[in-house]
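I have a structure here, written as structure tokens, and I will follow up with some questions on it.
The values are calculated or read from the model by the stated rules, or taken from the named source; none is laboratory data. Here the structure is a predicted model, which is why all the values come from computation and not from measurement. Methodologically, a virtual Cβ is constructed for each residue, glycine included, from the backbone with ideal geometry; neighbour enumeration extends over all protein chains shown. With ligands, DNA and RNA removed, areas are computed over all heavy atoms of the protein, side chains included. Shrake-Rupley method; radii C 1.70, N 1.55, O 1.52, S 1.80 Å.
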Amino acid sequence: MSILLASAAARRAVPAVAAVHRPLLLSATRTMSSLPAGVQLVAPVPDQAKDIFSRDALQFVATLHRTFNPTRKTLLLKRQLRQQELDAGKLPDFLPETKAIRDDATWRGAKPAPGLVDRRVEITGPVDRKMVINALNAGAATFMADFEDSTAPTWENVALGMVNMRDAIHRQIAFTAPNGKQYKLREDGKVATLLVRPRGWHMDEKHLLIDGEPCSASIFDFALYFYHNAWKSIEIGQGPYFYLPKMESHLEARLWNDIFNQAQDTIGMPRGTIRGTVLIETILAAFEMDEIIYELREHSSGLNCGRWDYIFSYIKKMRAHPQFVLPQRGDVTMTTPFMDAYAANDAAMAKVRADKLREVKAGHDGTWVAHPDLVKLAKAVFDEHMPGPHQMHIRREDVVVSAADLINPAAQGSISEQAIRTNLNVALLYTEAWLRGSGCVPIHNLMEDAATAEISRSQLWQWVRHSVRTAEGTLVTPTYVNALLDDEVAKLAAQYGAKFAQTKIPQAKVFLHAMVQGREFPEFITTMCYDSITSTSKARL
């Protein structure tokens, strides 16, 4: 994935916050002996996280939820209505009602904030303690701690993830592995700037009820992190920085901006201190990129191309139409028209190097890696071709992209039986790991998160729904795919032997079977499987 700090229309300058007067924050109640009215915790809080779930912190979460959750629900309903329009044949296009924003050359996005001026290499990963330390120490400019695709949202993962975020910002994070190996932050202080990726608007946090309904997971993640770390992040020369996932419209960006404003106003922090980098990882957001930056303006820290989720979104949104069927995943590259218009051993390293070279030459300001070993490689490419801290001066006015370009599949490739088996295998293994509480999983020598599983299962659904034929000439039907699924599970059973009974593969198979029949399309694996990883015991406070 690659970073664009500003689009051609991101042009309204706002001074970066260097230092601010710190008024009193909400009183730091450090006991959980009582909860705010209307707030219920329905899972026991780990001992290490008692301070995270203080009464005042939960009141802060509840206030934001009560204020903004009705708008979130309305926007999620708009997603459903838009899908109905897509299914009926109304294809995506640039919005006529926001043309003035796209054409206006006078407004500006925010200047890069402290710690975000040079983002040539970012590392991403889950929020478990060892991974956070390793990522901060890896030599990357920034680290995106991911509560979304890389973290299975078990209550323990989320609660301890918040502890890890607090300890990282306060520079108090350390970890001792079972084998006695110790992990701590670099002594020279050269650690990455931390950005937090809360869960998307579609997710609920069912372990916290507010007025009897689950809290928005997006608001939950944002509010707890902001409450405990906003001022400390300023003290260490950064700021409360976020990655905003899976948005589908500029109205969803407006909601984030409204939340940012209320959060800052509540604690007396100047507006514009928060910054949000938007992940353009849905096909619909690609039609509203200027508008998304416009809505965030003083809080914007640019856009990032989230390619794997983008492919998944393309399949999902265009699912009703056979002309948008894609070939096997390996044939959908960044040179495929809709991907090209929108913008992973030795052979693998060569591919990564070529990938990063294409990004820097296209004018991107930085790139993502998901493993510390790739930081040096990616940094070398950007150091050679990007001598300054960014490339905001490269306007790329030569690039003109039409609505048709953004949805043009035209991918050269085929669909083999092996590709179907690979998608089944990847989706099974990832879902099995997710059900065990792991959201970042090594599969076939690659680190995978939810996006890869989403592409895999959505391709299977699409191929079944539109009755494609394999390269071998076989008609792809539910019966055919179900037989291959049974066979792949049998192979895994033989591979695991006696340990198979301790895996979640049978449960993963049930979920995957339901997702690939070509009938109803489950919106996200994570929402479909979420109830299987929630805790059911009510917290005793």
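Would you mind telling me which numbered condition in (1) surrounded by fewer than 16 Cβ atoms within 10 Å (Cβ to Cβ); (2) more than 30 Å from Leu435 (Cβ to Cβ) Ala177 fails?
So the condition that Ala177 fails would be (2).
May I pose another question? Is there a residue in the range 475-488 that is part of a loop (DSSP other than H, G, I, E, B), β-branched (Val, Ile, Thr), open to solvent by less than 20 Å² (accessible area, probe 1.4 Å) and not assigned by the TED database to the domain that holds Pro245?
Looking for residues that are part of a loop (DSSP other than H, G, I, E, B), β-branched (Val, Ile, Thr), open to solvent by less than 20 Å² (accessible area, probe 1.4 Å) and not assigned by the TED database to the domain that holds Pro245, one finds at least one in the range 475-488, hence yes.
Looking only at the range 375-391, how many residues end up being out of contact with any Leu (no Cβ under 6 Å at 6 or more places or on another chain), under 11 Å from His364 (Cβ atoms) and open to solvent by 30 Å² or more (accessible area, probe 1.4 Å)?
The total comes to 1.
Here's something else I'd like to know. Give the residue that is nearest to Tyr225 (Cα to Cα), with candidates limited to residues of the range 138-174 that are of a type in the set (Asp, Glu) and crowded, with 23+ Cβ neighbours inside 10 Å.
Asp146
I need every pair where a residue in the range 84-109 that is among the acidic types (Asp, Glu) has its Cβ under 6 Å from the Cβ of a residue that is part of a loop (DSSP other than H, G, I, E, B) and open to solvent by less than 70 Å² (accessible area, probe 1.4 Å), sequence separation at least 6 or different chains.
Asp87/Ala320
Confirm whether Ala49 is at pLDDT 95 or above and in contact with a Gly (Cβ under 8 Å, 6 or more places away or on another chain). First the steps, then the outcome.
Working: at pLDDT 95 or above: yes; in contact with a Gly (Cβ under 8 Å, 6 or more places away or on another chain): no.
For Ala49, the condition - at pLDDT 95 or above and in contact with a Gly (Cβ under 8 Å, 6 or more places away or on another chain) - is not met.
Within the group Val39, Val14, which residue is of a type in the set (Val, Ile, Thr), modelled with pLDDT of 95 or more, open to solvent by less than 50 Å² (accessible area, probe 1.4 Å) and not assigned by the TED database to the domain that holds Phe287? Spell out how you get there, then give the answer.
Numbers: Val14 fails: modelled with pLDDT of 95 or more.
Result: Val39 is the single residue among Val39, Val14 that is of a type in the set (Val, Ile, Thr), modelled with pLDDT of 95 or more, open to solvent by less than 50 Å² (accessible area, probe 1.4 Å) and not assigned by the TED database to the domain that holds Phe287.
Going by the conditions given, is Leu208 over 21 Å from the mean Cα position of the chain (by Cα), crowded, with 20+ Cβ neighbours inside 10 Å and of a type outside the set (S, T, N, Q)?
Values: over 21 Å from the mean Cα position of the chain (by Cα): yes; crowded, with 20+ Cβ neighbours inside 10 Å: yes; of a type outside the set (S, T, N, Q): yes.
Here the answer is yes, as Leu208 does meet what is asked.
Something else now. On the given criteria, is Ala494 among the aliphatic types (A, V, I, L, M), in a helix (DSSP H, G or I) and open to solvent by 70 Å² or more (accessible area, probe 1.4 Å)?
Working: among the aliphatic types (A, V, I, L, M): yes; in a helix (DSSP H, G or I): yes; open to solvent by 70 Å² or more (accessible area, probe 1.4 Å): yes.
Criteria met by Ala494.
Specify the residue that is modelled with the highest pLDDT; the eligible residues are those in the range 283-342 that are touching a Leu at 6+ places or on another chain (Cβ under 7 Å), assigned to a helix (DSSP H, G or I) and small (Gly, Ala, Ser).
Only one residue fits best here, namely Ala286.
Restricting the search to the range 396-427, which residues are more than 15 Å from Thr335 (Cα to Cα) and of a type in the set (Gly, Ala, Ser)?
Ser402, Ala403, Ala404, Ser414, Ser416, Ala419, Ala427
Continuing with the same structure: Does Glu359 satisfy the condition of being open to solvent by 60 Å² or more (accessible area, probe 1.4 Å) and either modelled with pLDDT under 70 or of a type in the set (D, E, K, R) (or both)?
So Glu359 fails the test.
Sticking with this one: Any chance you could count how many residues in the range 39-90 are outside any loop (DSSP other than H, G, I, E, B) and either within 25 Å of the chain's Cα centre (by Cα) or under 20 Å from Glu520 (Cα atoms) (or both)?
Count: 31.
Which residue pairs have Cβ atoms closer than 7 Å, lie 6 or more positions apart in sequence or on different chains, and pair a first residue in the range 200-213 that is modelled with pLDDT of 95 or more with a second residue that is assigned to a strand (DSSP E or B) and surrounded by fewer than 23 Cβ atoms within 10 Å (Cβ to Cβ)?
Pairs found: Asp204/Pro214; Glu205/Pro214; Lys206/Pro214; His207/Leu41; Leu208/Leu41; Leu209/Gln40; Ile210/Val39.
Lys99 is checked against (1) surrounded by 15 or more Cβ atoms within 10 Å (Cβ to Cβ); (2) closer than 19 Å to Ala403 by Cα; (3) charged (D, E, K, R) and fails just one. What number does that condition carry?
Evaluating Lys99 over (1) surrounded by 15 or more Cβ atoms within 10 Å (Cβ to Cβ); (2) closer than 19 Å to Ala403 by Cα; (3) charged (D, E, K, R) leaves (1) as the failure.
If you don't mind, there's one more thing I want to ask. What number of residues within the range 216-264 satisfy the criterion of being under 19 Å from the mean Cα position of the chain (by Cα) and either basic (Lys, Arg) or open to solvent by less than 10 Å² (accessible area, probe 1.4 Å) (or both)?
So the count comes out to 26.
Would it be correct to say that Arg465 is surrounded by fewer than 19 Cβ atoms within 10 Å (Cβ to Cβ), among the basic types (Lys, Arg) and out of contact with any strand residue (DSSP E or B) (no Cβ under 8 Å at 6 or more places or on another chain)?
Judged against the criteria, Arg465 is not a match.
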